[in-house]
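The structure appears below as structure tokens.
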Amino acid sequence: MPPEPSDGLPPVGATRLLADGPKVINVGLDSFATELASQDRAVVHVDWVPPAGGDPRIARLLAKLST
Amino acid sequence: MSTVLNEVRRGTYLDSVALMRVASAIKSMDGVDECGLMMGTPANRRIMAEAGVLAAEGETAGPGDLVIAIRALDAKVAAAAIAEAGRLLSRPKRASATGSATASPRTLRSAVSALPGANLALISVPGAFAATEAMKAFSAGLNVLLFSDNVSLDDEIALKTEARARGLLMMGPDCGTAIIGGVPLAFANAVTRGDTGIIGASGTGIQEVSSLVSNGGGGISHAIGTGGRDLSRDVGGITTLMALDLLDADPATRQIVLISKPPAPEVARTVLARVARSPKRVVVCFIGAKDLDLPRNAVAAATLEDAANVALGREGISSATPSMRPPIGKLRGLYSGGTLAAEAQLILSRAGLRIASNAPVSGSATMAEAEGRHTILDLGDDAYTIGRPHPMIEPAVRDREIVAALASPDCAVVLLDCVLGYGSHPDPAGHLARLVEARPPGGPRIVASVTGTDADPQPRALQVQRLRAAGIEVSPSNAAATRHALELLSQATPPNRR
């Protein structure tokens, strides 16, 4: 992919992230959520399990169907 | 004759760090030779087979099943170890990190409902599932920090293109560090808030620069991780360019430090053209890059230390390389941070040393050509961490290499890093100190740097004190440690006269 020049305008959703500070949905390593909580940061940990019995190909297909 | 015993828990998932912690506790039990707690993916089953802990039952596990695999002195010890692992695994998990006692949501969508105003997904699931979860996060309007590695280049391009179209930031994949609005995310340090923004393709690069700036009296507005491939020709710097837009518009950011290995030439041109339009000063630290054609508002920094010094307004006092006599004996660098290993190689090569590395930068050779050279190993590299924790999480994984270097007859100086902060081991200096305290006198000198701050969960001053008490010479930065190691090399006693 050739690099696309930036238009210089800050992206809206990302600007809000910097302005408001992160409110985090943690998906994966539980320790990341624990450490954020220990600092009184807003975080919710998702009790994630590998979808589709751990088959990434089927998981991807299921995600496409659900969106 | 030892006994191998396995238990398979069908449909049970725990993350790799949680499993490694339990495995580490089990391995320390009397009579336990080896222990593996892993999901039953084909790759993990292969690792357990090679480690001699996989029994017939473990071979039947699928990727959604947890395998507890023990090799022990006898059947009784093995059974006790399985029981203890079961006890540790069944300890109640903290249900939610919001302080409520309710069960954690099972999906990203329900988690968003549980946290009004959620704006960032921190994703660290196994790489094969990471892109799917990131795409779900974008659909929910969330920015993404993708910590997971093993995400394909095609997926990275698709994710970053999607994020840009939605006006969202996609940090990663393989993004180890970010600091947003003073909040350390993943592996990051507790730094002072201030007016320096960082855009970094590497986790330890961001950690070193942000800590040096903070320790030097400055502060960090935001540190945005991009992932190591962002400035490749294929990805085209999508995240770096968005991060420049963001920090340009951010009123808290006065200057920007840009850290990466050398970009693809066409991407470097695009990024530097964007830098030229910035109203802010940009410190460009493309480690190992030569002959950069920088715009007027940009300043080049050759090393991470240089970048921090320039950001602190201390231009020109840093990385001068000492003149030295030809070295006697060899230097062995054993690193947990990849960019710290790269910075050390650069400084040593500039001083005329012949370096070999498993992660060679320009001027270094590969380990196949290590004979007669000084060596710098990145022990956090994928080749060392398959089926094992990263050395920043579990410092014991570099013990063998450190012990071997200390016993090596041609080694004069051992150079180490010690990376603190959230995500890292609770006491890396304590571990290192205990390992080297028992060494015989007259061996190699040991030099280390400690990346972090006194506000970290492992306060830096105490970690430095612990290392010094064990006879380790501690420098204020990785670059300074490397220069100190160079000086010691030129003063070293020939190993055969020790």
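Determine whether B:D155 is more than 9 Å from chain A (Cβ to nearest Cβ) and among the acidic types (D, E). Yes, satisfied. You will find that of A:G53, A:G28, the residue that is surrounded by fewer than 21 Cβ atoms within 10 Å (Cβ to Cβ), facing chain B (nearest Cβ under 7 Å) and at positive phi is A:G53 and no other. When B:R281, B:R254, B:R269 are screened for being among the basic types (K, R), within 14 Å of chain A (Cβ to nearest Cβ) and surrounded by fewer than 24 Cβ atoms within 10 Å (Cβ to Cβ), only B:R269 passes.
Yes/no matrix, rows are residues, columns are (1) more than 19 Å from the chain's Cα centre (by Cα); (2) assigned to a helix (DSSP H, G or I); (3) of a type in the set (D, E):
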{"position": "B:D154", "(1), (2), (3)": "yes, yes, yes"}
{"position": "B:K160", "(1), (2), (3)": "yes, yes, no"}
{"position": "B:A165", "(1), (2), (3)": "yes, yes, no"}
{"position": "B:A178", "(1), (2), (3)": "no, no, no"}
{"position": "B:P184", "(1), (2), (3)": "no, no, no"}
{"position": "B:Q207", "(1), (2), (3)": "no, yes, no"}
{"position": "B:L212", "(1), (2), (3)": "no, yes, no"}
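Scan the stretch B:235-274 for residues that are out of contact with any Phe, Trp or Tyr (no Cβ under 9 Å at 6 or more places or on another chain), among the β-branched types (V, I, T) and within 26 Å of B:D154 (Cβ to Cβ) and the total you get is 7. Taken as a whole, the structure leaves B:R434 outside the set of residues that are within 23 Å of the chain's Cα centre (by Cα), at pLDDT 95 or above and crowded, with 21+ Cβ neighbours inside 10 Å.
Among the residues of the stretch B:49-72, those identified as closer than 26 Å to B:D30 by Cβ and either touching a Phe, Trp or Tyr at 6+ places or on another chain (Cβ under 8 Å) or in contact (Cβ under 8 Å) with a residue 60 or more places away in the chain (or both) are B:A51, B:L66, B:V67, B:I68, B:A69, B:I70, B:R71, B:A72.
Conditions (1) surrounded by 18 or more Cβ atoms within 10 Å (Cβ to Cβ); (2) on the phi > 0 side of the Ramachandran plot; (3) away from chain A (no Cβ under 14 Å); (4) modelled with pLDDT of 90 or more, marked per residue:
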| position | (1), (2), (3), (4) |
| --- | --- |
| B:S28 | no, no, yes, no |
| B:L54 | yes, no, yes, yes |
| B:A61 | yes, no, no, yes |
| B:L66 | yes, no, no, yes |
| B:A79 | no, no, yes, yes |
| B:R91 | no, no, no, no |
| B:R94 | no, no, no, no |
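Against the conditions (1) at pLDDT 90 or above; (2) in contact with a Ser or Thr (Cβ under 9 Å, 6 or more places away or on another chain), B:I402 satisfies every one except (2).
Note on the stretch B:194-212: residues that are in contact (Cβ under 8 Å) with a residue 40 or more places away in the chain, surrounded by fewer than 24 Cβ atoms within 10 Å (Cβ to Cβ) and not acidic (D, E) amount to 0. How about the stretch B:133-176: which of its residues are surrounded by fewer than 19 Cβ atoms within 10 Å (Cβ to Cβ), hydrophobic (A, V, I, L, M, F, W, C) and touching a residue at least 12 places away in the same chain (Cβ under 8 Å)? Passing the criteria: B:A140, B:L153, B:I157, B:A158. When B:E371 is tested against the conditions (1) charged (D, E, K, R); (2) modelled with pLDDT under 95; (3) under 22 Å from the mean Cα position of the chain (by Cα), the lone failure is (3). Among the residues examined, B:D248 does not qualify as crowded, with 21+ Cβ neighbours inside 10 Å and within 22 Å of the chain's Cα centre (by Cα).
The values are calculated or read from the model by the stated rules, or taken from the named source; none is laboratory data. Everything quoted here is computed from the prediction, not taken from an experiment. FYI the Cβ positions are ideal-geometry reconstructions off the backbone, even for glycines, and counts take in every protein chain you see.
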